[in-house]
Each structure stands twice: as structure tokens, then as C-alpha cells.
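Here's the structure, in C-alpha cells; my notes come after.
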């Protein structure tokens with residue numbers, strides 16, 4: 001159902017509040033860059049630091065500005081099943097096209113618990129659900145076998161794969177069939193995941209390089225792996241620089257350098273260290289052709 005380059009949107013702030021005007025500009029910038037969809041309120045959005053009202057504001061703003069031009073997959077997961085259902089219903093009412101559901105963090109459920117958690121959410125919404133397997137953030141890994149059980153639920157349509165394991169991606173494709181979408185959760189692994197049958201990426205880098213990431217994913221989807229590999233290697237230094245510290249610190253700094261929004265963050269996120277900011281600037285200076293011009297940002 002979902003394929004292409006989806007941007008894991010940052011949340012811009014101004015004087016401690018969500019900067020709605022900057023968020024509107026980010027959505028337009030992404031759509032002009034050719035992305036297939038937008039993912040507000042994920043990890044990159046600093047969602048753990050957003051209130052329920054702010055989550056609603058961000059999702060509603062993105063849906064309103066996107067106006068059906070691209071898909072909006074709202075991050076509405078939680079380690080509380082009841083809260084995940086509540087937030088998913090909120091996103092459905094706001095007009096989102098899908099929901100991203102992270103594996104429950106901290107409480108570390110069993111595989112049966114994971115199955116029941118996601119199945120319960122699916123039963124309470126008509127939205128297509130994309131699972132999100134990211135053990136580095138949650139300390140729990142959902143198995144390919146559990147993913148395959150969940151793929152049998154009609155409105156569970158795919159997974160964001162961020163285990164860093166190509167064996168996991170292979171097993172999900174083998175067990176879940178071709179209709180189940182696999183989206184890379186790591187920019188640097190989009191190429192190998194798509195080579196294994198993946199359908200695209202939920203990207204951090206496309207916040208600042210939507211056109212380049214979209215072109216890379218489009219080439220891979222069209223079977224042009226030569227062009228896809230070329231763009232992968234051109235983008236690789238940027239992919240790495242955007243994770244020189246914990247996401248979303250570097251990408252928000254990069255967005256600020258481009259004039260897309262401020263680099264304001266909320267604790268416990270803190271500004272990029274000076275030495276890492278210098279590294280980020282250096283990398284960005286080496287790939288100007290992959291980044292927007294000032295005219296494209298306006």
C-alpha cells in the first residue's frame with residue numbers, strides 16, 4: 001500500500017511552542033521535493049516531549065497543508081495499548097492516511113504481548129497500520145514470525161524495519177509475501193533493504209534533501225539500481241553526519257542551517273555540540289547539489 005520516500009518530519013519550535021508557520025513551510029518544501037508521504041509525530045518529531053494537544057496540532061496541520069497531495073502516516077504508537085488506540089483514533093479523525101505503531105518500549109512485552117497489542121489497535125481503527133521495529137530505541141525486537149502473524153490482520157499493511165538486520169528484512173519478505181510493505185527505518189540501509197524487496201524508506205535525511213532521497217528511492221523502485229547506488233553513495237556522508245549525535249539533534253541543526261526552521265529543541269534533547277556542528281557543516285558543504293538552494297527553501 002505504501003511505497004516511496006516518506007519523511008519522518010521534525011517538529012519546529014519557536015519560543016517553546018510548536019511553530020505552526022514553519023511546520024506549514026516544511027510540508028510544502030517536502031511536497032515540492034517529490035516525497036511520497038509525510039510521517040509526523042515519530043521519533044524524529046521529538047514526540048516524547050509533545051503534549052497530547054501538540055500531537056493533535058501537528059497531525060492536523062500536516063494533514064491540512066498536505067491536502068491529499070501525499071500520504072500522511074501519523075506516529076501514534078505508545079507502550080500503553082489504550083493510549084495507542086486513543087492517539088490512533090485522534091489521527092483518524094484528523095484525516096491521516098495511516099498510522100505508524102512502534103513496538104512498546106520499556107515494558108518489553110513478549111512476542112504474544114506484541115501480537116495482542118498491535119491486533120487490539122487494529123481492531124479499533126480503520127486506518128492502515130505500519131508496524132515499527134526499532135530495538136535500539138525500545139529494547140524489544142519483534143520477530144519476523146510475529147510480524148507475519150500480524151500481516152494476516154487486514155489493516156496491518158507493513159513495517160518500518162530498523163533492526164539493522166538484512167536477515168530480518170529477508171525473513172519478513174519471505175514470510176509476509178509481496179503485498180506487505182517494508183519501509184527502511186535507516187537512510188543508509190534503504191538500498192540493501194530495497195534490494196531485498198523493500199518498498200521505500202521513512203527517512204530522516206529527506207527533511208533536508210527530499211529531492212535527492214526521493215530520486216534515489218524512485219530509481220530503486222523502477223529497477224534502476226545503477227542510479228540508485230550512485231545516489232546512495234553520494235548521500236552516504238550526509239546520512240552518517242545526520243546521526244553524529246542522537247536523532248533528531250543533527251537533522252534539526254541541518255534544517256536550521258538551511259533556513260527551514262530554528263534549531264530549537266526540548267529537553268532532554270540539547271543543541272549539537274560545537275565540534276559535531278562543524279563536522280555537519282563540512283559534510284553539507286561537500287554535497288550542495290543534494291541540498292536545496294535558498295530559493296527552494298523560500
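Here, each number is a calculation from the coordinates, and none is a lab measurement. Remember, it's a predicted structure, so these values are computed and weren't measured experimentally. Don't worry about glycine lacking a Cβ; one is built from the backbone with ideal geometry, like all the others, and counts go over all protein chains shown.
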Checklist entry - In percent, what relative contact order does segment 4-224 have, based on Cα pairs under 8 Å that are 6 or more apart in sequence? => result 21 percent
Item to check | Rounded to whole Å, sorted largest first: equivalent-ellipsoid semi-axes of segment 176-235, Cα gyration tensor | outcome: 18, 13, 9
Checklist outcome for this item: Check: C-alpha center segment 78-118 vs C-alpha center segment 183-206, spacing in Å is 22 Å
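Rounded to the nearest 500, what is the 222 nm mean residue ellipticity of the chain from helices alone, with -39500 (n - 2.57) per DSSP H run of 4+ residues and division by all residues?
Numbers: 13 runs with 139 residues, N = 298.
Mean residue ellipticity, 222 nm, calculated: -14000 deg cm²/dmol.
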Item to check | Cβ crowding within 10 Å averaged over residues, with 195-202, 31-38 ranked highest first | outcome: 195-202, 31-38
Item to check | Ellipsoid equivalent to segment 88-174 - semi-axes via the Cα gyration tensor, in Å | outcome: 21, 14, 12
Item to check | For the chain, share of DSSP beta bridges that run antiparallel, in % to the nearest 5 | outcome: 5 percent
Next on the checklist: Classify segment 4-224 from the C-alpha gyration tensor, please: rounded if a/c falls under 1.5, else prolate or oblate depending on whether a/b exceeds b/c.
Outcome noted: oblate
Next on the checklist: If you average the C-alpha positions of segment 136-181 and of segment 236-274 separately, how far apart do those two centres end up, in angstrom?
Outcome noted: 29 Å
Checklist outcome for this item: Expressed in nanometres to one decimal, the distance between label points 7 Å along Cα→Cβ at residue 126 and residue 195 is 4.2 nm
